[in-house]
Amino acid sequence: MLYDADTVMFSAGAVVFDEANGQVLTIIDRRKTTPDVYFPKGRIEAGETMEEAARREVEEETGVVCRLWPKMMGMEVRESPAIGKTKVIYWYAASFISTFPQWLEDHEQFTTNWVNIDEAPNVLSHEQDKQLLNICCAYFEKREA
């Protein structure tokens, strides 16, 4: 399918694992009546690679510094009627490195939350995020074998 470039928004994000504690990073978005729980992601800026955007979005939204794994985990295409565009999201998996000490911005609408990997499917709001988590976990198991 061919899309008009003016009708598509490109984004990148990451599923960040704290491998030492068996946890995955999520964001709780409190802007809706029912909080929405998902993985950090956002728009790719001009001149930025998908990988750079994924790392930057994780840092901006959560204050977490991460190292991307060497393989893209998936690409998601969503229709976003609210913005009138098709959204293409490039997903990566990553390992937790550290937290930005200067990340002190007031994020009243968003909360960063580490969740046990086994509990994450019950916490995530969207089926696509649950599928993405499964893909990342399967890759991690192969990588460790």
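The values are calculated or read from the model by the stated rules, or taken from the named source; none is laboratory data. These numbers were taken from a predicted model, which means no experiment stands behind them. Heads up, the Cβs are rebuilt from the backbone with ideal geometry, glycines too, and the neighbour counts pull from every protein chain shown. Surface accessibility is based on the protein's heavy atoms, side chains included, excluding ligands, DNA and RNA. Shrake-Rupley method; radii C 1.70, N 1.55, O 1.52, S 1.80 Å.
Here's the list of aspartates and glutamates a cross-link from Lys32 could span, going by alpha-carbon distance under 16 Å and ignoring same-chain residues fewer than 8 apart: Glu108. Across the stretch 41-83, the residues whose backbone nitrogen lies under 15 Å from the label position 7 Å along the beta-carbon direction of Gln131 are 73-79. Residue separation of Glu51 and Asp36 scaled by 0.36 nm, minus their Cα-Cα distance, works out to 2.9 nm of gained length. Put a dot 7 Å past the Cα of Ala20, heading toward its Cβ, do the same for Ala5, and the two dots end up 4.5 nm apart. Using r as the Cβ-Cβ distance of Arg43 and Thr86, and R0 as 22 Å, what FRET efficiency do you calculate, to the nearest 0.05? Computed FRET efficiency for Arg43 and Thr86 comes out at 0.95. Residues within the reach of a label modelled at Asn113 (point 7 angstrom out along Cα to beta-carbon, backbone nitrogen below 18 Å), restricted to the stretch 6-32, are 14-18, 22-32.
For the chain, the solvent-accessible area of protein heavy atoms averages 58 Å² per residue (probe radius 1.4 Å; ligands and nucleic acids excluded).
Among rounded, prolate and oblate, which fits the chain when a ≥ b ≥ c are the square roots of the eigenvalues of its C-alpha gyration tensor, a/c under 1.5 means rounded, and a/b larger than b/c means prolate? In terms of gyration-tensor shape, rounded.
Here the accessible area is traced with a 1.4 Å probe on the protein chains. For the chain, carbon and sulfur cover 51 percent of it. Across the chain, C-alpha contacts under 8 Å between residues 6 or more apart give a mean separation that, scaled by the residue count, equals a relative contact order of 31 percent. For the chain, excluding the exposed loop sites themselves (GluC sites (Glu not before Pro), DSSP loop, at most 15 other Cβ atoms within 10 Å), the longest remaining stretch covers 49-104. Counting only residues at least eight positions apart within a chain, or on another chain, the lysines with an alpha carbon under 24 Å from that of Lys142 are Lys71, Lys130.
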